[in-house]
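Worksheet: the structure to be examined is printed underneath.
The values are calculated or read from the model by the stated rules, or taken from the named source; none is laboratory data. Only a predicted model underlies this, so the values are computations on that prediction, with no experimental measurement involved. Here the Cβ positions follow ideal geometry from the backbone for every residue, glycine too, while neighbour counts run over all protein chains shown.
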Amino acid sequence: MKIAVIGTGYVGLVTGTCLADMGNTVTGVDKEKSKIDSLNRGEVPIYEVGLPELLKRGLRRNLHFTTDTHEAVMEAEIIFITVGTPMGEEGEADMSYVIDVAEDIAAAINGYKVIVNKSTMPVGSTRLVERVIKEKAGGEEFDVVSNPEFLREGTAVRDFMNPDRIVVGTESQKAAGIMSELYRPLNSPLFITDPASAEMIKYASNAFLATKVSFINAIANICEEVDADVKEVALGMGYDHRIGFEFLRSGPGFGGSCFPKDCQALIEIAKGSGYHFYLLEGVMQVNTEQMELMTEKVGKHLGGLEGSTVAAWGLAFKPNTDDVRDSPALDVIKRLMQGGAKVKAYDPQAMDNARQVLPELEYTENALEAVEDADLLLILTDWDEFKMQNFRRVGELMKSKVILDTRNCLEPLSIRRLGFNYEGVGR
Ligand code: NAD
């Protein structure tokens, strides 16, 4: 099929390259010219495993990039909207990028097309995009469907190609047929429902996962007081198939470009419908407090932050990505710096992005350089590279041998055996 994907960020680029790899002819569109130029040169502007290979293969065959939305829309049968829907001033999803794209589509539409809302958009957005296009498009026939994306950064290509389910929200049989045909090669469960339910499925799924994280963080904090080990507790809970093992890892709190904004947006959606979502507000509150708690733990170890030197390993919101949007690591580091600590930070992939938002932070070339003369090592992202460090050497380089492992990614016994004062979360 002929496809246009508008917005070539984390979701759009993965969607476009994967759909091209499945045999479709794909045009990726972005308004950022530098991004399009680098994609056309075969350079991936983000860090995502497997993406460079897919991009190169696609460019040789059926994948193109342009800033020209008009032409891309005219040539496409299916148009994916994959622009950002960031948090607005009141916590609601900011739909301005989506509306801009809808207007661009309306200006170019030249025959029947399926327009796919893949970005995470509030309930009612399928109708909204439909309305915007209808107002400006004259009599052209089209359908707008909701098709939320569930991929995770770090495993995005694998997730796109092997989804647990594909959700399509539409009342049009014609559009449902085209979407089923498009996704048929993935051989995954296709769940066709109405647009509002599809939109809600995305928010409810993210809010549920965020709830699991805050729940286990709350349990972790109790574990610390009663001498239990949250890793053991989570494992024991996870064996129950009604609960499962996933998203029961305590840490510094959830972050990233989706969970915080989608939870907040769902709280706003609820408010708009007259429901006060106390549970989700609690989830967010626990999350904020968890980041504060990590800062307090550092202060306790050091007898105050003023004048201390902290080595921070990890800036990305999770391993295997360069994304620092709403990263708990940056939140904790900012709090430490505000408290008077000097922080030296290292991340294998996320330093360029972190520099944009935190230029005043000291960045080091590698993990060992960060720990030189540090009073405490703070592990904020559980990259494999950190787990595999030579901790004997780390100890020699540090001023005092203290590790706060906010990801519980090290083995406490073996670290303590090397003479470290080691603390995890909830253990
Ligand atoms: P992103 O910021 O990485 O990418 C958005 C892209 O859209 C940018 O490159 C931007 O330049 C481009 N853009 C904005 N306006 C445009 C316009 N008018 N025309 C052309 N291009 C335009 O965002 P993302 O992380 O890919 O997220 C996109 C959506 O997908 C969001 O709604 C997000 O919530 C959702 N989502 C994200 C993830 C994730 O892991 N990142 C997972 C599932 C869903």
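Odds and ends about this structure:
- Residue in region 167-176 that is among the small types (G, A, S), surrounded by fewer than 22 Cβ atoms within 10 Å (Cβ to Cβ) and in contact with a Lys or Arg (Cβ under 7 Å, 6 or more places away or on another chain) present: no
- Check on M200, without any contact (Cβ under 8 Å) to a residue 40 or more places away in the chain and of a type in the set (A, V, I, L, M, F, W, C): no
- Of the strands (runs of 3 or more DSSP E) contained entirely in region 57-141, not one carries at least 1 residues that are closer than 30 Å to S273 by Cβ and among the charged types (D, E, K, R).
- Residue match in region 239-250 (condition: buried (at least 18 other Cβ atoms within 10 Å of the Cβ) and in contact (Cβ under 8 Å) with a residue 40 or more places away in the chain): yes
- Single residue of region 19-39 satisfying the filter (hydrophobic (A, V, I, L, M, F, W, C) and crowded, with 24+ Cβ neighbours inside 10 Å) that is farthest from the ligand (Cβ to nearest atom): A20
- Condition met for S180 (among the hydroxyl-bearing types (S, T, Y), farther than 19 Å from R127 by Cα and within 17 Å of the chain's Cα centre (by Cα)): no
- Of all residues making up region 58-102, the number that are farther than 18 Å from S146 by Cβ, near the ligand (Cβ under 9 Å from one of its atoms) and either surrounded by 18 or more Cβ atoms within 10 Å (Cβ to Cβ) or more than 26 Å from the chain's Cα centre (by Cα) (or both): 1
- Any hit, region 153-160, residues being surrounded by 20 or more Cβ atoms within 10 Å (Cβ to Cβ), of a type in the set (F, W, Y) and within 16 Å of the ligand (Cβ to nearest atom): yes
- Filter result (without any contact (Cβ under 8 Å) to a residue 40 or more places away in the chain and not in a loop (DSSP other than H, G, I, E, B)) within region 175-194: A176, G177, S180, Y183, R184, L190, F191, I192, T193
Yes/no matrix, rows are residues, columns are (1) more than 30 Å from S172 (Cβ to Cβ); (2) away from the ligand (no atom under 16 Å from the Cβ); (3) modelled with pLDDT of 95 or more; (4) not in a helix (DSSP H, G or I):
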| residue | (1), (2), (3), (4) |
| --- | --- |
| A196 | no, yes, yes, no |
| M200 | no, no, yes, no |
| S205 | no, no, yes, no |
| K212 | yes, yes, yes, no |
| F215 | yes, yes, yes, no |
| E224 | yes, yes, yes, no |
| L235 | yes, yes, yes, no |
| R242 | yes, yes, yes, yes |
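- Among the residues of region 137-151, not one is farther than 11 Å from V11 by Cβ and near the ligand (Cβ under 6 Å from one of its atoms).
- Given (1) under 27 Å from Q338 (Cβ atoms); (2) not in a helix (DSSP H, G or I), number of the condition Y275 does not satisfy: (1)
- In region 260-277, the residue that is farthest from the ligand (Cβ to nearest atom) out of those that are touching a residue at least 60 places away in the same chain (Cβ under 8 Å) and touching a helix residue (DSSP H, G or I) at 6+ places or on another chain (Cβ under 6 Å) is I267.
- Answer residue from region 106-124, given it is among the β-branched types (V, I, T) and without any contact (Cβ under 8 Å) to a residue 40 or more places away in the chain and is farthest from the ligand (Cβ to nearest atom) among those: I109
- All of E232, E296, E224 fail the test of being touching a Lys or Arg at 6+ places or on another chain (Cβ under 8 Å), surrounded by fewer than 22 Cβ atoms within 10 Å (Cβ to Cβ) and acidic (D, E), apart from E224.
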